[in-house]
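The values are calculated or read from the model by the stated rules, or taken from the named source; none is laboratory data. Quick caveat, the model's predicted, so the values are computed rather than measured. Heads up, the Cβs are rebuilt from the backbone with ideal geometry, glycines too, and the neighbour counts pull from every protein chain shown.
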């Protein structure tokens, strides 16, 4: 994710509802700050690889929350993805597969599709027309 792509600063990963930091979750060994930073950097790097492919089709891929200790990553597809018949396949076959294969600490990927746009507006964004909201 590059600067200006969303409301967070470079290297800052949302960690839960209201931006809370999830530490020492019950039954999960806490990780140190160095490991947290390593995981965050690797996740950002992988998102930088995946986002352009989704954006090329008029959508966007947004990281909404991360629990580094439990390995849970939450993502959202936006833009033209709301009217795309294969959004679910993109989440499972693309995003989840890449996250689990390339980041050994990821245990679960939770994804959803933002369907807040009107269907026809979403369709009109297809094939590269989507510009992420600043």
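A few comments on the model shown:
Residue-by-condition table, conditions (1) more than 14 Å from the chain's Cα centre (by Cα); (2) at pLDDT 85 or above; (3) surrounded by 17 or more Cβ atoms within 10 Å (Cβ to Cβ); (4) assigned to a loop (DSSP other than H, G, I, E, B):
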position: 2; (1), (2), (3), (4): no, no, no, yes
position: 9; (1), (2), (3), (4): yes, no, no, yes
position: 48; (1), (2), (3), (4): no, yes, no, no
position: 60; (1), (2), (3), (4): no, yes, yes, no
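- Residue check, residue 54 surrounded by 22 or more Cβ atoms within 10 Å (Cβ to Cβ), closer than 30 Å to residue 29 by Cα and within 13 Å of the chain's Cα centre (by Cα): no
- Segment 84-95, residues that are surrounded by fewer than 20 Cβ atoms within 10 Å (Cβ to Cβ) and in a helix (DSSP H, G or I): 88, 89, 92, 93, 94
- Residues that are in contact with a strand residue (DSSP E or B) (Cβ under 6 Å, 6 or more places away or on another chain) and in a helix (DSSP H, G or I), drawn from segment 96-120: 96, 99
- Residue match in segment 65-83 (condition: surrounded by 14 or more Cβ atoms within 10 Å (Cβ to Cβ), touching a helix residue (DSSP H, G or I) at 6+ places or on another chain (Cβ under 6 Å) and at pLDDT below 75): yes
- Criterion (free of Cβ contacts under 8 Å to residues at least 60 places away in the same chain, assigned to a strand (DSSP E or B) and within 23 Å of residue 41 (Cα to Cα)) met by exactly one of 76, 69: 76
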